[in-house]
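I have placed the structure first, in the form of structure tokens, so that the comments after it can refer back to it.
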Ligand code: SF4
């Protein structure tokens, strides 16, 4: 996650983007709200922010037919990855709040915690492992530890290098101040956004510099990731009545052929009006499906269905579906 600071620092993406923004559709504006005739409905954040199905049949199956969304290996791994980044952030924060300049060594302190950070993430989600369907192979489960440790190592390296660089430029550095100015992440914000149709809180993975709403994604790139950024930006705007112009999908790729995480799919976006209009149309379509109780059917092209879709076995695994 601190990779975002590194990227921003190298390219000044946010300050460059700021000059181009002129957004009219805001989450506190009724033009973006769920249509009045559908406003008795609400959906949990994951159903609003994620749209893996081209026809939104997943919404019909879960919220009209009442089918339980199976818990996949991808979702389990995604939860662990989110937890790892949040723990790395809090570990770094602890290094600067308790450390003195004389013995400051963020790299070693985070690396020493690496095993316990991974174990804690697994412990937090130990109950989820048994619920995964289909059950993952032992090879997948046993390689997970090393993959998660690789993420900690990479973030420890970037964060300590950036901190050391900032410290080196100042005669009497205040460690805590440098960290909070430079790694300005909020990782536990939640927003009430009833007009946006959220049931319960909307909780993006992080908000960066109070300017960028961010979500951590892993696995293959999905077209709907753009929608996730907009959903959380509109929720932020409804709750805070402050503008949120930028989004980032921090994409975490773990590839067997490399020992360094792949972040080349990570994207900063200006959350402009055309993107907001596309998102609102999709969200309204989901609410119409529930309201009308009509099965939207399968996509005509069977390849449009991702085999990792939670409902793949229901829709494509049965010839009579
Ligand atoms: S299997 Fe295909 S039709 Fe069914 S919910 Fe998934 S993407 Fe949609």
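Any read-out appearing in this document is the output of simple, stated calculations on the displayed coordinates, not a laboratory observation. This structure is a prediction, so every number in the text was calculated from the model and none was measured. Counting neighbours? That spans all protein chains shown, and the Cβs are built from the backbone with ideal geometry, glycine included.
Given the chain, what percent of its DSSP beta bridges are antiparallel, to the nearest 5?
Roughly 50 percent of the beta bridges in the chain run antiparallel, per DSSP.
For helix 114-124, what angle does its Cα long axis make with the longest principal axis of the chain, in degrees from 0 to 90 and rounded to 10?
Helix 114-124 sits at roughly 30 degrees to that axis.
In degrees from 0 to 90, rounded to the nearest 10, what is the angle of the helix 73-98 Cα long axis to the longest principal axis of the chain?
It works out to around 30 degrees.
Rounded, prolate or oblate: which fits the range 229-321 when a ≥ b ≥ c are the square roots of the eigenvalues of the alpha-carbon gyration tensor, with rounded for a/c under 1.5 and prolate only if a/b beats b/c?
The shape class here is oblate.
Just order 92-100, 228-236, 159-167 by mean Cβ neighbour count inside 10 Å, highest at the front, would you?
228-236, 159-167, 92-100
Assign one of three labels to the range 31-105, namely rounded, prolate or oblate, based on the Cα gyration tensor with a ≥ b ≥ c the square roots of its eigenvalues; rounded applies when a/c is under 1.5, prolate when it is not and a/b is larger than b/c, and oblate otherwise.
Since a/c reaches 1.5 and a/b is larger than b/c, the shape of the range 31-105 is classed as prolate.
For the range 268-313 and the range 178-234, what is the separation of their Cα centres, given in Å?
First find each Cα centre; the distance between them is then 20 Å.
For the chain, find the longest principal axis of its Cα atoms and tell me its angle to the long axis of helix 225-240, 0 to 90°, nearest 10.
80 degrees
State whether the range 250-289 is rounded, prolate or oblate according to the following rule on the C-alpha gyration tensor (a ≥ b ≥ c being the square roots of its eigenvalues): a/c under 1.5 gives rounded; otherwise a/b larger than b/c gives prolate, and the remaining case gives oblate.
Because a/c hits 1.5 or more and a/b fails to exceed b/c, the range 250-289 counts as oblate.
Please compute the contact order of the chain in relative form: average sequence separation of alpha-carbon pairs under 8 Å and at least six residues apart, divided by the residue count, as a percent.
Result for the chain is 28 percent.
Which of the peptides 103-112, 237-246, 295-304 is most tightly packed, and how do the rest follow, judged by the mean count of other Cβ atoms within 10 Å per residue?
Result, highest mean first: 237-246, 103-112, 295-304.
FRET efficiency for residue 180 and residue 259, Cβ-Cβ distance as r, R0 = 35 Å, nearest 0.05?
0.65
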